[in-house]
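> One structure, as structure tokens, below. Some questions next.
The values are calculated or read from the model by the stated rules, or taken from the named source; none is laboratory data. This structure is a prediction, so every number in the text was calculated from the model and none was measured. We place every Cβ from the backbone using ideal geometry, glycine too, and count neighbours over all the protein chains shown. These area figures cover heavy atoms from the full protein model, side chains too; ligands, DNA and RNA do not enter into them. Shrake-Rupley method; radii C 1.70, N 1.55, O 1.52, S 1.80 Å.
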Amino acid sequence: MARQSFREFLGERISRRVALRNISLCGLSLPLVQMVSDSKLHAQSLEPKPAGTVVSKPVFTVAERNRRWEAVRRIMTKPQWNLDALLAPGNGDAAYPRYLTQIGGRGGSAEVIFPRDVSKPVFAFTGSGRNKSFWSKRLVSWTADGKLVINDDEGSKPVAEQLKSSGFDKPAARIGVAKLTGSRFDPEGVVSVTFLENLKTAMPGVQFVGIEKWGADSGPIDEPAMVKSAEEHAAIRRCVAAGEKAIETIARVARLPAKTQADIWLPTFTAMFAETGEDPTRLSIALDEPSNATLGAPVEDPLKPGQIISQEIDATVQGYRAQVNHSIFVGGPSTPGFNYYKTAMEAALKALHDSIAIIVPGKTTCGQLVDQYALIVEKMNADDRSGVVLHSSGIGNLSRPRLGPTNSRGDSDIILVPGMTFDFKPALRMKRSVIEDTGRENRIVQIGEHYLITDKGPVRLGKRELKPMATEGA
């Protein structure tokens, strides 16, 4: 079958496996795929149906629920926090309610009250009857013992009433509020002023405090979310596999009759969705620009031979994101610019391998890793252009640490310990004293691979061959 252009792709039936029709670029809206599944996996339920569509379902086990809740409560009791309860507003960063309850994504978020006292239930306010029905049906295992209660109330009034009913309105009570303030993202917070003021009025004397900080003591949710369980690792492995499917798709479709970046973006998006049943967290594809230049949108930038395609690819499984990156050359060995691309990619690959090799689990800090990377790149007579070179996986922006040689150094002292997962993604530009590109300025190339820290060292989660990649004959 001949390849379709972007406009043809919109008008024709996409593969049965994807089952997405007429995707609108206005808002990147997609029709809701029916969320039904029968298989039971630790991290994600995914099964091809007769029509070929892959669907998703929240299936983290009760044991996983208890593990993360215990870790959160352990930090809540520390003297520097001393929190009676946590409040994760659904109208703020939805990653926090989702981490605590699995509620999130297309099914909507929730306001979550999380008590330190293990004898008190966790409450999730979904905001409507249909949302309550949706999540009650899918979270039976988490609600069966009464430790998670889902209701359909909405707004500050029912939240305040439940906080009072749970005994959290006593003078000097301390309630930690997710995203009241932030660190790398949203330093001034994203919590509704009206919502918070209503709570303060209803409960005078109660202290509402932020729960996110830079560094190893990052907060009662941010800190435990850094070190992941086997169930979370399974979800992240699926993300990486879907990301590698995206790289394969880009290399295949980035040739005639494709004419624009959008002609690459849409089939890559649908390939990722087909693998996971969830919208990718990010798919930014750039032509001869830094990988994040297009901000995750399809654009009309023309596709030409000799270009370097770079990307930020974050597939999503169970709400978790995990990034991979692989600059791809448009053309083959005889295309102008290939020699520069190949030389730069080989340098980036060496920087990747040599940096990861220094990691000693439980000893090496994030700062030491990125500093070593910067030294390696400097010795290559190249310029680091990564910004963030260590990009952890997780739910949305609850994916820390993230830092680079000159970026977000507040997390430098975080130690790389078993259970952590992250994309390490060198991006560099060779100096012209080493090799000259076809234009007046050398271009940036990037390679990014996801790793799991084990007690024996870092383990690569991807399976593709790490080498220069071209759309033709290489």
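> Name every residue in region 250-260 that is in a loop (DSSP other than H, G, I, E, B), open to solvent by 10 Å² or more (accessible area, probe 1.4 Å) and under 9 Å from Thr471 (Cβ atoms), in order of residue number.
Within region 250-260, just Arg255 meets the criteria.
Each row is one residue, and each column tells you yes or no for (1) of a type in the set (A, V, I, L, M); (2) surrounded by fewer than 17 Cβ atoms within 10 Å (Cβ to Cβ).
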{"site": "Ala110", "(1), (2)": "yes, no"}
{"site": "Val118", "(1), (2)": "yes, yes"}
{"site": "Thr143", "(1), (2)": "no, no"}
{"site": "Lys147", "(1), (2)": "no, yes"}
{"site": "Ser166", "(1), (2)": "no, yes"}
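> Output the residues belonging to region 168-193 that are open to solvent by 30 Å² or more (accessible area, probe 1.4 Å) and basic (Lys, Arg).
Within region 168-193, Lys170, Arg174, Arg184 meet the criteria.
> I'm trying to understand the selection: among the residues of region 273-298, which are in a strand (DSSP E or B) and not small (Gly, Ala, Ser)?
Within region 273-298, Arg282, Leu283, Ile285, Leu287 meet the criteria.
> Quick check, is Thr270 polar (S, T, N, Q), farther than 22 Å from Glu378 by Cα and in a helix (DSSP H, G or I)?
So Thr270 passes the test.
> Next up: Among the residues of region 319-357, which ones are more than 18 Å from Gly243 (Cβ to Cβ) and not in a helix (DSSP H, G or I)?
Across region 319-357, the qualifying residues are Phe329, Val330, Gly331, Gly332, Pro333, Ser334, Thr335, Pro336, Gly337, Ala357.
> Pairs only if they're at least six apart or on different chains, beta carbon under 7 angstrom, first in region 361-378 and at positive phi, second not in a helix (DSSP H, G or I); list them, first residue then second.
Gly362/Ile415; Gly362/Val417
> Here are some residues: Asp413, Asp437, Asp423. Which one is over 29 Å from Gly319 (Cα atoms) and in contact (Cβ under 8 Å) with a residue 12 or more places away in the chain?
Matching residue, one of Asp413, Asp437, Asp423: Asp437.
> Sticking with this structure for a sec: Scanning for something at pLDDT 95 or above, open to solvent by less than 30 Å² (accessible area, probe 1.4 Å) and in a strand (DSSP E or B), does region 405-416 turn up at least one residue?
no
> So which of Lys157, Lys120 is in contact (Cβ under 8 Å) with a residue 40 or more places away in the chain and assigned to a loop (DSSP other than H, G, I, E, B)?
Going through Lys157, Lys120 in turn, the sole match is Lys120.
> I need the full set of residues from region 261-305 which are over 27 Å from Thr53 (Cβ atoms) and open to solvent by 30 Å² or more (accessible area, probe 1.4 Å), in order please.
Selection gives Asp288, Glu289, Pro290, Asn292, Ala293, Leu295, Val299, Glu300, Asp301, Pro302, Lys304, Pro305.
> Return only the number of the condition from (1) under 21 Å from Ile103 (Cβ atoms); (2) under 17 Å from the mean Cα position of the chain (by Cα); (3) assigned to a loop (DSSP other than H, G, I, E, B) that Ala225 does not satisfy.
(3)
> Now for a different question. Step by step: first the residues of region 358-401, then only those that are part of a strand (DSSP E or B), touching a Phe, Trp or Tyr at 6+ places or on another chain (Cβ under 9 Å) and modelled with pLDDT of 95 or more, then the one that is most open to solvent (accessible area, probe 1.4 Å). Which residue is that?
My answer is Asp384.
> Scan region 432-461 residue by residue and report those that are in a loop (DSSP other than H, G, I, E, B), over 23 Å from Pro333 (Cβ atoms) and of a type in the set (A, V, I, L, M, F, W, C).
Leu461
> One residue is enough: does region 432-443 have a residue meeting the conditions closer than 17 Å to Glu378 by Cβ, crowded, with 20+ Cβ neighbours inside 10 Å, modelled with pLDDT of 95 or more and not hydroxyl-bearing (Ser, Thr, Tyr)?
Yes, because at least one residue in region 432-443 is closer than 17 Å to Glu378 by Cβ, crowded, with 20+ Cβ neighbours inside 10 Å, modelled with pLDDT of 95 or more and not hydroxyl-bearing (Ser, Thr, Tyr).
The rows are residues; the columns are (1) in a loop (DSSP other than H, G, I, E, B); (2) under 30 Å from the mean Cα position of the chain (by Cα); (3) closer than 19 Å to Asp411 by Cβ.
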| residue | (1), (2), (3) |
| --- | --- |
| Ala172 | yes, no, no |
| Gly176 | no, yes, no |
| Arg184 | yes, yes, yes |
| Asn198 | no, no, no |
| Pro204 | yes, no, no |
| Val209 | no, yes, no |
| Trp214 | yes, yes, yes |
| Gly219 | yes, yes, yes |
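> State all residues of region 82-104 that are within 13 Å of Arg116 (Cβ to Cβ) and open to solvent by 10 Å² or more (accessible area, probe 1.4 Å); if no residue qualifies, say none.
Asn82, Asp84
> Answer with yes or no whether Asn131 is more than 23 Å from Asp222 (Cα to Cα), in a helix (DSSP H, G or I) and at pLDDT below 95.
Considered against the rule, which asks whether it is more than 23 Å from Asp222 (Cα to Cα), in a helix (DSSP H, G or I) and at pLDDT below 95, Asn131 comes out as yes.
> Let me spell it out: the conditions are (1) assigned to a strand (DSSP E or B); (2) more than 25 Å from Lys228 (Cα to Cα); (3) charged (D, E, K, R), and Glu472 meets all of them except one. Which number is the exception?
If we test Glu472 against (1) assigned to a strand (DSSP E or B); (2) more than 25 Å from Lys228 (Cα to Cα); (3) charged (D, E, K, R), just (1) comes out false.
> How about region 319-332: which of its residues are within 25 Å of Thr421 (Cα to Cα) and open to solvent by less than 10 Å² (accessible area, probe 1.4 Å)?
Correct list: Gly319, Tyr320, Ala322, Gln323, Val324, Asn325, His326, Ser327, Ile328.
> For the structure I just gave you, tell me whether Arg429 is open to solvent by 10 Å² or more (accessible area, probe 1.4 Å), in contact with an Asp or Glu (Cβ under 6 Å, 6 or more places away or on another chain), in a strand (DSSP E or B) and more than 25 Å from Glu231 (Cα to Cα).
Yes, satisfied.
> Moving on. Would region 194-209 turn up any residue that is among the acidic types (Asp, Glu) and touching a residue at least 40 places away in the same chain (Cβ under 8 Å)?
Checked against the condition, which is being among the acidic types (Asp, Glu) and touching a residue at least 40 places away in the same chain (Cβ under 8 Å), region 194-209 yields no hits at all.
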